[in-house]
Every structure is written in C-alpha cells, then in structure tokens.
1. Can you tell me how many residues within the range 14-54 are crowded, with 20+ Cβ neighbours inside 10 Å and under 15 Å from Y71 (Cβ atoms)?
2. So N148 ticks every box in (1) among the polar types (S, T, N, Q); (2) at positive phi; (3) within 17 Å of the chain's Cα centre (by Cα) but one. Which box is left unticked?
3. Suppose we keep only residues that are touching a helix residue (DSSP H, G or I) at 6+ places or on another chain (Cβ under 7 Å) and of a type in the set (V, I, T) within the range 48-79. Which one would you say is farthest from Y38 (Cα to Cα)?
4. Where the second residue is exposed (fewer than 12 other Cβ atoms within 10 Å of the Cβ) and assigned to a helix (DSSP H, G or I) and the first is in contact (Cβ under 8 Å) with a residue 24 or more places away in the chain and polar (S, T, N, Q) and lies in the range 67-80, which pairs have Cβ atoms under 9 Å and are six or more apart or on separate chains?
5. Just the residues that are surrounded by fewer than 21 Cβ atoms within 10 Å (Cβ to Cβ) and not in a helix (DSSP H, G or I), please, taken from the range 152-179.
Amino acid sequence: MKKEFYDVLVSSADPIVTKALASIIYAINGQPILLKDYSEIKNINLKNITAILVNDIVLFKDKKVHIKTVYNKHKTRIPIFCLVENISDEDSYDPLLHFYQKPIDKVTLKNALEPYLDYSNRENESSSIKIGKFSFNKKLNTLTDNNNEIISLTNLEAKLLLILFKNIDKTMEEEFLLKQVWEYSSKVNSNTIKTHIWRLRKKLSKTDDNMFSLETSKKGYMLKKKVFR
C-alpha cells in the first residue's frame, strides 16, 4: 500500500535554506521535521523517519559544523541526503549517505527517496546488475565486491561508469560523455570530466576484484577489461 506521507528530518545552519528544503519535502507529499541543532538527533525517535535531508553545513551544539564532522558521532541506519556531491570521497563514509549537486529539485529528491518508501518495493524488479566481479546497486549507487566491501559512487560517477561499461573496450569521446552524463551543462568542461574519471579510477583500484582499467587517450576514455595471464 502506498504511504501517502512520510517523515523527513531537515537540518541546516541557515534558516532560509531549511525552509526551502522543507517546501520541497511538502511538494513530494512528505512531512518535514525541522531539526534546529543536529546534536538533538539523539533525542528523536527515528523509527518512522524515512531520511535526513541536510545542507552541507549544520548547527551542532550551536556552532556551524560540516556534516562530515558530525556524522561519525551520530551514525544512523537512515539515509542522509546532502546537497554536496563530492564529500562521498571520504573513506569513512557509510554507503547509506547520498549526495546531490546544488540546487536540488523535487523530482531528484523524490527519485532518491523512492527506494526507502514502503511502496517502492516492487516484485520482479532487480536493483542490482553485475559489472565484472562487482554487484552494482542502481538505487544506492554502490559497488560491492566478493568480500562484501562497499564502494560508494556519486550520481555522476555511477552514470559515467554505466555508460563506459555498456561500451566496454570502446573509446568514448569527451563530447559524447558531456552529452550523456552532464547534458551539456554550462558549468562543465574537460577538467570536470578528468576529475570524475580520476575519482572513479581511484575507487575502482581499491579492491583486487577490479577486472577493469580506466584508460585515457587523446580520443577520449575507455573502460577496458584486464587480460590476466
């Protein structure tokens, strides 16, 4: 049965941002619960909370602190959606954290929340695909190796990996990737692609189960299957 309303904690150091985030929650039939100080999370019954939506900076004991700093002090099993994409590079981060580039919109947020809503568990719909020895979770943007080690990817890294994997051993031109991953955003240039390729290569190299090499050439980028002898 579809759950008409779901509770989402909202926390930000800026009251204007908090109200803006709350309005997005209302727009997708959610019930925002405003958290003025992130330290108060220990006093909240999280049983019925679907997710936590935060800005990159939150109030913690009346001081402005980045969410990275306070997360390890108050870990929860609830997914945290943060409006900054690149902080998932922290090795200590839990795969339940997800990241989105500013500005976030109601469609993006609803799609992100959907795996955690009661009505989203559809039968006969696989959320995972095999990428070499990895199991890739399309809903959580995570890679799991044979040792159950989890590698968290950002939205853009996941899109980039899937496109390269679908075109395994083929060189993908920069212009093609700009169109498919970034949709020709005016804020994107070749340095942005290089940075994301570097991050993706770094994450894939963390495990011995990686069967691919991510190669760069003058023509573009290629996910190449390694040859073992």
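1. Qualifying residue count, the range 14-54: 7.
2. (3)
3. Of all residues in the range 48-79, those touching a helix residue (DSSP H, G or I) at 6+ places or on another chain (Cβ under 7 Å) come to 50-51, 53-56, 58-61, 68, 70, 74, 79.
Filter again for of a type in the set (V, I, T), leaving 50, 54, 58, 70.
Details: T50: 17, V54: 10, V58: 7, V70: 8 Å.
It comes out as T50.
4. none
5. Scanning the range 152-179 gives N167, I168, D169, K170, T171, M172, E173.
Laboratory data are not the source of any read-out in this text; all were calculated from the coordinates shown. All figures in this text were calculated on a predicted structure; none of them were measured in a lab. Neighbour counts run over all protein chains shown; Cβ positions are idealised from the backbone, glycine included.
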